[in-house]
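No lab work stands behind these numbers, since they all come straight from the coordinates. On a predicted model such as this, the values are computed, not experimentally measured, just so you know. Note that we place each Cβ from the backbone using ideal geometry, even for glycine, and neighbour counts take in every protein chain shown.
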Amino acid sequence: MDFSFTEEQSMLRDTVASFLQDKYDFETRRAIVKSEAGWRPDYWKAFAEELGILGAPFSEELGGLGGGATENMVVMEEFGKALVVEPYLGTVVIGGGFLKHSGYAGAADLIGGIVAGEATFAFAYAEPQGRYTWSDLKTTAKKDGSGWVLDGHKAVVVGAPWASHLIVTARTGGGQRDEGGVSVFVVDKNAKGVVTRDYPTVDGARASEVFFENVSVGADALIGAEGAGLPLVQKVIDEATAAVCAEAVGTLRKLHEGTLEYTKQRKQFGQPIANFQVLQHRMVDMFIQVEQSVSMTYMATIKLGESDDERAKAISAAKVQVGRACKFVGQNAIQLHGGMGMTDEMAIGHYFKRATIIEGLFGSVDHHLRRYEGLSFGAAA
């Protein structure tokens with residue numbers, strides 16, 4: 001299978017990497033995270049207008065660069081290296097994914113807003129009782145004339161403090177855990193009845209608890225078919241998981257490189273600890289985990305366009321590898337740095353925190369092992 005990049009994709013990577021190297025170094029990122037806003041809207045505008053990367057996965061007819069999942073992968077890997085907190089995942093990958101795949105009537109206008117840096121999205125799907133069962137929903141949407149009324153609570157909605165729109169999953173029929181009866185809505189975050197409680201997350205992002213209290217939306221808020229939204233949700237979450245795996249690859253590279261550099265400088269018994277054979281073996285093990293994650297992520301990204309089962313299997317296989325690598329590489333990086341590795345002043349601790357969050361994002365290792373097993377062996381599993 002061909003893992004090589006086109007000239008355009010390589011140029012995209014170089015463009016993003018150059019911008020981040022010049023304007024998004026570790027100290028700048030620390031200042032962004034500690035600021036009141038928690039992100040840089042001017043950088044978001046630069047992503048749109050100066051770099052054009054917010055249009056990377058969209059067709060030229062929609063104002064994009066004509067790319068797709070591979071372009072998202074390229075951008076997310078570079079973002080992982082710099083620990084970028086701006087909401088590319090929630091806006092471009094997830095928000096854009098729902099708009100592209102659903103046949104939504106207002107998709108062109110909203111995608112135009114994304115490409116221009118004017119519309120930002122957050123995905124309100126998780127509920128306290130739901131774990132990784134995307135259909136386990138207590139949030140409801142009930143018919144009200146030609147429109148809908150939403151009620152419920154969504155937990156840890158990453159990027160919601162910065163969002164102009166929310167993508168919301170809600171139950172329009174069936175029982176709490178039924179696969180049927182799941183619908184998807186796009187909701188203006190400033191709509192009457194949307195209440196948020198914002199807070200910082202351990203990895204430097206911002207999230208919200210979002211409450212819908214008799215939120216009225218029009219008929220045009222429904223994305224896709226009523227009650228048949230779960231396959232769309234699963235498809236977009238698989239695409240988001242592939243993008244998160246790509247981000248993890250960038251983060252893992254920095255964890256490995258930073259630890260390798262530190263062990264060459266740190267001396268014990270009159271010599272760098274990198275000279276000790278046992279630590280050399282550890283570094284090799286970390287490198288192998290990184291490279292396996294690269295290969296599995298590339299494979300999963302390529303298979304996003306295949307059948308639902310093949311796509312899901314490839315994504316789960318990649319997430320298992322990436323989740324294990326995040327734990328192994330991250331913990332070893334901290335151990336080899338010692339206690340100072342977890343201080344706020346050192347970058348390695350920030351990469352470890354992000355890797356730890358990624359490990360469980362959109363499904364833990366155990367979840368994806370069970371999912372892969374079920375897809376491979378069916379009811380016999």
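Using only C-alpha positions, report the orientation-averaged shadow area of the convex hull of the chain, nm², one decimal. Mind dumping the intermediate values first?
Working: hull surface 78.8 nm².
For the chain, the mean projected area of the Cα convex hull comes to 19.7 nm².
Each stretch of four or more DSSP H residues adds -39500 (n - 2.57); spread over every residue of the chain, this sum gives -16000 deg cm²/dmol at 222 nm. In whole angstrom, how far apart do the alpha carbon centroids of the range 180-207 and the range 209-268 sit? Answer, in whole Å: 15.
Only counting other Cβ atoms within 10 Å, I'd like T251, T120, T356 sorted with the fewest neighbours first. Mind showing how you got there, number by number?
Numbers: T251 32, T120 25, T356 16.
So the residues, fewest neighbours to most, are T356, T120, T251.
Taking only alpha carbon atoms, the range 231-380 gives an Rg to Rh ratio of 1.07, where Rh is the Kirkwood radius.
Please order R197, R171, R371, R282 by the number of other Cβ within 10 Å, starting at the fewest.
Values: R197 11, R171 24, R371 20, R282 17.
If I rank by nearby Cβ atoms, fewest first, I get R197, R282, R371, R171.
Normalising the Debye intensity of the range 7-119 to I(0), with uniform scatterers on Cα atoms only, and taking log10 at q = 0.13, 0.14, 0.19 Å⁻¹ returns -0.47, -0.54, -0.96.
Sorted largest first, the spans of the alpha carbon positions of the range 122-228 along the three principal axes are 39, 28, 21 Å.
With contacts taken as Cα pairs under 8 Å at a separation of at least 6 residues, the chain carries a relative contact order of 14 percent.
Using only alpha carbon pairs under 8 Å that are at least six residues apart, calculate the relative contact order of the range 61-180 and give it in whole percent. Taking the mean separation of contacting Cα pairs over the length of the range 61-180, I get 25 percent. Average projection, convex hull of the Cα set of the range 257-340: 6.0 square nanometres. Counting beta carbons within 10 Å around each of H101, H165 and listing the fewest first gives the order H101, H165.
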